[in-house]
Amino acid sequence: MRKKVIVVNRLEKEVLDGLKEKCDVTYFSTSSPLMDDNFKTALASAEGIIGLGLPVNNELLDLAPNVKIISNVSVGYNNLDIDEMTKRGIMATNTPDVLTDTVADTMFGLLLATARRMPELDQYVKTRQWKADLSADFYGVDVHHKTLGIIGMGKIGFAIAHRAHHGFHMNILYHNRSKKPEAEANVNASYRKLDDLLTESDYVLLITPLTKETQGMLTLREFKLMKKTGIFINGSRGHTIVEKDLITALQTKEIAAAGLDVFEKEPIEPDNPLLDMPNVVTLPHIGSSTYETELKMSKLACENLLAGLNNEKPPSLINESVWKG
Ligand code: GLV
Ligand code: GLV
């Protein structure tokens, strides 16, 4: 019998079409709000769920008694209650590795765009305001040879450090749960306690997964430790910082600027003060979204899903302990 699968929010079309040939697919275009009757009916018989950003908690799992695998089309999996899934013997998978270089490109681009004020100056040129006499009002700050502090030296953090060190001769500091000898050897990165990293860095780049430990890790206290000229870049999740504290730090000039790909509320609320700050560069959570990488992520997520449905070990299984062979 064809397996019943729910697809939520995002899966590249060619992968979705391929999946439809193999499985009985119910598609929902959004991951929220999903607790309507159609979704509940689909959950009651689904064996697998694949997609982006579906909040998976007890309430949802109670409605999905037959689910064997939930396959995230993202590397971050803070939307999944892994402990609860593990307790119930449900596999969780994500899409690491295939997006590492793409996210690193985005984060470095965001850093450059923020430092050199590219979106602001783009608007200046396109609104026909360009005059012969450019004043210091238009200057940015240097990136090359400055100090970059990376919070979260995972694969993506390392790929960013590689670009920064080898391409831009930056001095690399990092903070991580464990020390990373490989990063220290390859990009000359030095480990710092969080407070020291914040104090010493010209650029602070947050790229840690959102977990119970990292939730709200940067508050006004931490932003105040940064240099007044410091630039903050967030490629992690909105909830790894306290967003209202970032807003205060920017308003009171405790830090100079920010580049943000993630927000506490996504899509961002129209009245969020960040949207009216010229020294804040915003992206719509698009770190991994290139044509090439979205396709690779969809393919990997689908491979994970089909493996789980067929009682094979998925290539990117997160909760190894549910795998009994
Ligand atoms: C994107 O934020 C991801 O987790 O893949
Ligand atoms: C997450 O930050 C990763 O490095 O995969």
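Bear in mind that the values in this text are calculations on the coordinates, not laboratory data. Keep in mind it's a predicted model, so treat the numbers as computed, not measured. Glycine gets a Cβ as well: all are built from the backbone with ideal geometry, and neighbour counts include every protein chain shown.
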Checklist entry - In percent, what relative contact order does the chain have, based on Cα pairs under 8 Å that are 6 or more apart in sequence? => result 18 percent
Item to check | Size descriptor, Kirkwood hydrodynamic radius, that averages inverse alpha-carbon separations across the stretch 103-173, Å | outcome: 13.6 Å
Next on the checklist: Taking 26 Å as the cut-off for C-alpha to C-alpha distance, list the pairs among Lys40/Lys244; Lys155/Lys299; Lys3/Lys313; Lys146/Lys253; Lys146/Lys180 that go past it.
Outcome noted: Lys40/Lys244
Item to check | Selection of chymotrypsin sites (Phe, Trp or Tyr not before Pro), the stretch 110-195, meeting DSSP coil and at most 16 other Cβ within 10 Å | outcome: Trp130, Tyr139
Next on the checklist: What is the distance in Å between the Cα centroid of the stretch 85-127 and that of the stretch 199-216?
Outcome noted: 15 Å
Checklist entry - If you keep only loop residues by DSSP, which trypsin sites (Lys or Arg not before Pro) in the stretch 92-163 have at most 12 other Cβ atoms within 10 Å of their Cβ? => result Arg128, Lys131
Next on the checklist: If you average the alpha carbon positions of the stretch 139-155 and of the stretch 1-62, how far apart do those two centres end up, in angstrom?
Outcome noted: 39 Å
Checklist entry - Which whole-number percent is the relative contact order of the stretch 245-325 (Cα, under 8 Å, 6+ apart)? => result 20 percent
Item to check | Choice from Ile69, Ile151, Ile286 with maximal GNM fluctuation in the chain (Cα, 10 Å cutoff) | outcome: Ile286
Checklist entry - Given H placed on each backbone N at 1.01 Å, which residues far from Thr282 in sequence or on other chains put an amide H within less than 5 Å of it? => result Leu260
Checklist entry - With the contact rule set at Cα under 8 Å and sequence spacing of 6 or more, what percent relative contact order holds for the stretch 34-142? => result 19 percent
Item to check | MRE, 222 nm, helices only [DSSP H, n ≥ 4, -39500 (n - 2.57), over the chain, to nearest 500] | outcome: -9500 deg cm²/dmol
Checklist outcome for this item: Sorted by chain and number, the residues with a modelled amide H under 5 Å from that of Lys68, at a separation of 5 or more or across chains, are Gly48
Checklist entry - Taking amide H positions as placed 1.01 Å from N in the peptide plane, with prolines and chain starts having none, which residues 5 or more places from Lys3, or on another chain, fall under 5 Å of its amide H? => result Asp24
Item to check | Phi-based couplings in Hz for the stretch 128-139 (Karplus 6.51, -1.76, 1.60; Gly and Pro marked x) | outcome: 6, 9, 5, 10, 4, 8, 6, 9, 4, 4, 9, 6
Next on the checklist: Run through the stretch 1-76 and list the GluC sites (Glu not before Pro) located in a DSSP loop whose Cβ has at most 12 other Cβ atoms within 10 Å.
Outcome noted: none
Next on the checklist: Over the Cα atoms of the stretch 210-274, each weighted equally, I'd like the Debye log10 I(q)/I(0) at q = 0.13, 0.23, 0.25 Å⁻¹, rounded to two decimals.
Outcome noted: -0.31, -0.99, -1.14
Checklist entry - Under the Karplus relation 6.51 cos²θ - 1.76 cosθ + 1.60, θ = phi - 60°, what is the ordered set of whole-Hz ³J(HN,Hα) values for the stretch 175-191, x standing for Gly and Pro? => result 10, 7, 4, 10, 6, 10, x, 5, 5, 4, 6, 7, 10, 6, 7, 10, 6
Checklist entry - For the stretch 146-155, in order, what is each residue's ³J(HN,Hα) by Karplus, 6.51 cos²θ - 1.76 cosθ + 1.60 with θ = phi - 60°, in whole Hz (x at glycine and Pro)? => result 8, 9, 10, x, 9, 9, x, 9, x, 5
Item to check | Reciprocal of mean inverse Cα separation for the chain (Kirkwood radius, Å) | outcome: 21.2 Å
